[in-house]
2 protein chains.
Amino acid sequence: MTKIQMNINRRYFKLVCVFIAVIMSHLTMAKTQWRSLDPNNTVLMTLPYGKVVIELAPNVAPKHVAQFKKLIKQGFYNGNKFYRVIDGFVAQAGPDARHDSAAKLKIESEWTPTKNWPFMPVQKNDLFAAQTGFLNGFPTGYSAEENKAWLTHCPGMLAMARGNSPDSGSSHFYFTIGQAPRYLDRIMTVFGRVVYGMNTIQAIKRTATIEGEPEVSPKFNTPILAMQIMGDVPKAEQIIVEVERTNNTDFKNKLVNRIARKSAFFYKKPPKVLDVCQVPVLSRLVNNK
Amino acid sequence: MTKIQMNINRRYFKLVCVFIAVIMSHLTMAKTQWRSLDPNNTVLMTLPYGKVVIELAPNVAPKHVAQFKKLIKQGFYNGNKFYRVIDGFVAQAGPDARHDSAAKLKIESEWTPTKNWPFMPVQKNDLFAAQTGFLNGFPTGYSAEENKAWLTHCPGMLAMARGNSPDSGSSHFYFTIGQAPRYLDRIMTVFGRVVYGMNTIQAIKRTATIEGEPEVSPKFNTPILAMQIMGDVPKAEQIIVEVERTNNTDFKNKLVNRIARKSAFFYKKPPKVLDVCQVPVLSRLVNNK
């Protein structure tokens, strides 16, 4: 072999190495792929402290989403108050009893997934579910044995309140604001997710007090200044949010990296498990509001 | 048997029934037993939005608690800012780099429990620990195999920040403010717990933004107006908090009831498990502030 040939071979070898490195980094790097929201299934809620964007889940809870949207379009929620706000648990809002004209809804707390649903598994034998994962960014529980799936009560989920009867939800709703109350999974209708403004949700005035503390007067309850379907908001006032896709290799790689915790900060590696409620699904603002 | 005897027997039987009912209700009712805090291991943190009371855990992390108290007494933290605040994760504070004179501490992330430690078990085979439970109100993980215990990163815990080295924590600290980041268990020194004012902690201005959102100027960072050892605060300004005892039958009964979910609201019962981070340990105010 001549010297020139060797040099060419070396250069070729280097090129192949670089090529492999690029491929490897693409395979392991946590890129983010984005998905736009349907403005007609997105809600803009205006509180005194800021604006909140909620993605609805019509595929999962079609009747609840339909009624929620109908009520929003009627202006039903404008001026409603968050009257039951328990730090670390829920922020619940709804109309005064005498203004609650909404129809009662049959519960939509779980469903039977179809084959090839875009489910991204996260954790087997989670404390509350045989399997957890994401469905289009929504944290989801799944039981293969029962072939049932449900949205889980992770922080920032929107669900319908109800009485003791499963089919008694109508208009009063809550956001989960603390450690996931997963014991409510499968017995409540979860039908949306905060995709922007969770810090604003956290600013909602708490109404629950502890023993020995004076009661909070209802006059301090946080009002909903406006609740609108994003598609009905004038273009200039819309908040356009995109959310991370959760059903592709990029997101899967993120999960793998999150379990591995390769950073030197983890001088001792944690158990190789993931709490689905502690896996962030990213949002980004496409316009600046 | 005469009629009188029968009546006496009936009355006796009734009395026994009532007695049994009272005993049963005592056994199953969730009473609360209270414990006072040691004012010299309790911290009063004043934020622009209100006051926060933190119970320290000197038994678990003696060196971290000693240094934290020493710094507090020096006025070290007064005027410090919460400069890293990520919604759903942590609120972290500390001095400017040029004012960080505190000594580095050997990590105190776990310990070997002694026999008969006052541990109240909550859940076996929790996702992140062989056993979870409470130690004097502090959520705790335990591995019998390793005979190691550690405080878990439930919402409202206080821990020391650090660099990559385990023994690099000194003065910068964080509160957990969202779904428990349990993957940090056993590799961080958790040394306190918010027992009053978690809503005030939740009001801390977030510093993290999402893609497309303008950065938050550091001038909006929430300052610590004052940080004091409760015992050093003038009596009239002290906030006296008592916390629920977690190592007795009353608390055990609460756990049993919480798993059973006997209320009619639970038309379908959830899995018979408890997330230790989702079990409230009550506080009450003994004076009114």
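The values are calculated or read from the model by the stated rules, or taken from the named source; none is laboratory data. Predicted, not measured: the structure shown is a model, and the values here were computed from it. Cβ placement follows ideal geometry from the backbone for every residue including glycine, while neighbour counts extend to all protein chains displayed.
Tell me yes or no: at least one residue of segment A:228-235 is within 10 Å of chain B (Cβ to nearest Cβ), surrounded by fewer than 19 Cβ atoms within 10 Å (Cβ to Cβ) and assigned to a strand (DSSP E or B). Checked segment A:228-235: no residue is within 10 Å of chain B (Cβ to nearest Cβ), surrounded by fewer than 19 Cβ atoms within 10 Å (Cβ to Cβ) and assigned to a strand (DSSP E or B). Here the condition is being closer than 22 Å to B:Tyr49 by Cβ and in contact with a Leu (Cβ under 6 Å, 6 or more places away or on another chain); of B:Gly178, B:Gly197, B:Gly192, it holds for B:Gly192 alone. The set of residues in segment B:158-176 being in contact with a Gly (Cβ under 7 Å, 6 or more places away or on another chain) and not aromatic (Phe, Trp, Tyr) consists of B:Leu158, B:Met160, B:Ala161, B:Arg162, B:Ser171, B:His172, B:Thr176. Where strands (runs of 3 or more DSSP E) fall entirely within segment A:44-123, those with at least 1 residues that are of a type in the set (D, E, K, R) and touching a Pro at 6+ places or on another chain (Cβ under 9 Å) are at A:81-85.
Counting only residues that are within 10 Å of another protein chain (Cβ to nearest Cβ) and under 14 Å from A:Phe265 (Cβ atoms), how many does segment B:172-184 have?
Matching residues across segment B:172-184 total 3.
Give the residue that is farthest from B:Leu127 (Cα to Cα), with candidates limited to residues of segment A:124-139 that are in contact (Cβ under 8 Å) with a residue 40 or more places away in the chain, within 14 Å of chain B (Cβ to nearest Cβ) and assigned to a strand (DSSP E or B). Step by step, filter segment A:124-139, then rank; the result is A:Pro139.
The residues of segment A:185-200 that are under 27 Å from B:Thr207 (Cβ atoms), within 8 Å of chain B (Cβ to nearest Cβ) and in contact with a Gly (Cβ under 9 Å, 6 or more places away or on another chain), listed by number, are A:Met198, A:Asn199.
For segment A:142-188, a residue qualifies if it is in a strand (DSSP E or B), touching a residue at least 60 places away in the same chain (Cβ under 8 Å) and under 14 Å from the mean Cα position of the chain (by Cα), and the qualifying residues are A:Leu151, A:Leu158, A:Tyr174, A:Phe175, A:Thr176. Against the test of being surrounded by 14 or more Cβ atoms within 10 Å (Cβ to Cβ) and modelled with pLDDT of 95 or more, the options A:Lys254, A:Lys289, A:Lys262 yield a single qualifying residue, A:Lys254. Candidates in segment B:240-289 are the residues that are in a strand (DSSP E or B) and among the charged types (D, E, K, R); of these, the one that is farthest from the other protein chains (Cβ to nearest Cβ) is B:Glu244.
Do you know which of the residues in segment B:210-221 that are acidic (Asp, Glu) and assigned to a loop (DSSP other than H, G, I, E, B) is surrounded by the fewest Cβ atoms within 10 Å (Cβ to Cβ)?
Once the filter is applied, the top-ranked residue is B:Glu215.
Within segment B:189-209, being among the aliphatic types (A, V, I, L, M), crowded, with 22+ Cβ neighbours inside 10 Å and not in a loop (DSSP other than H, G, I, E, B) holds for B:Val190, B:Val194, B:Val195, B:Ile201. Would you call A:Asn116 among the polar types (S, T, N, Q), surrounded by 16 or more Cβ atoms within 10 Å (Cβ to Cβ) and more than 17 Å from the chain's Cα centre (by Cα)? For A:Asn116, the condition - among the polar types (S, T, N, Q), surrounded by 16 or more Cβ atoms within 10 Å (Cβ to Cβ) and more than 17 Å from the chain's Cα centre (by Cα) - is not met. Going by what's in this entry, would B:Phe173 be described as touching a Leu at 6+ places or on another chain (Cβ under 9 Å) and more than 24 Å from A:Val276 (Cα to Cα)? Taking the combined requirement at face value, the residue satisfies it.
Taking segment B:155-171 as the range and being of a type outside the set (S, T, N, Q), more than 10 Å from chain A (Cβ to nearest Cβ) and buried (at least 20 other Cβ atoms within 10 Å of the Cβ) as the test, the residues that pass are B:Met157, B:Leu158, B:Ala159, B:Met160, B:Gly169. Say whether the condition of being facing another protein chain (nearest Cβ under 10 Å) and in contact (Cβ under 8 Å) with a residue 60 or more places away in the chain is met by at least one residue in segment A:218-226. So far as segment A:218-226 goes, no, none of its residues is facing another protein chain (nearest Cβ under 10 Å) and in contact (Cβ under 8 Å) with a residue 60 or more places away in the chain. Inclusion of B:Arg84 among residues that are free of Cβ contacts under 8 Å to residues at least 60 places away in the same chain and surrounded by fewer than 21 Cβ atoms within 10 Å (Cβ to Cβ) is not warranted.
A single member of A:Val273, A:Val243 is at pLDDT 95 or above and in contact with a helix residue (DSSP H, G or I) (Cβ under 9 Å, 6 or more places away or on another chain), and it is A:Val273.
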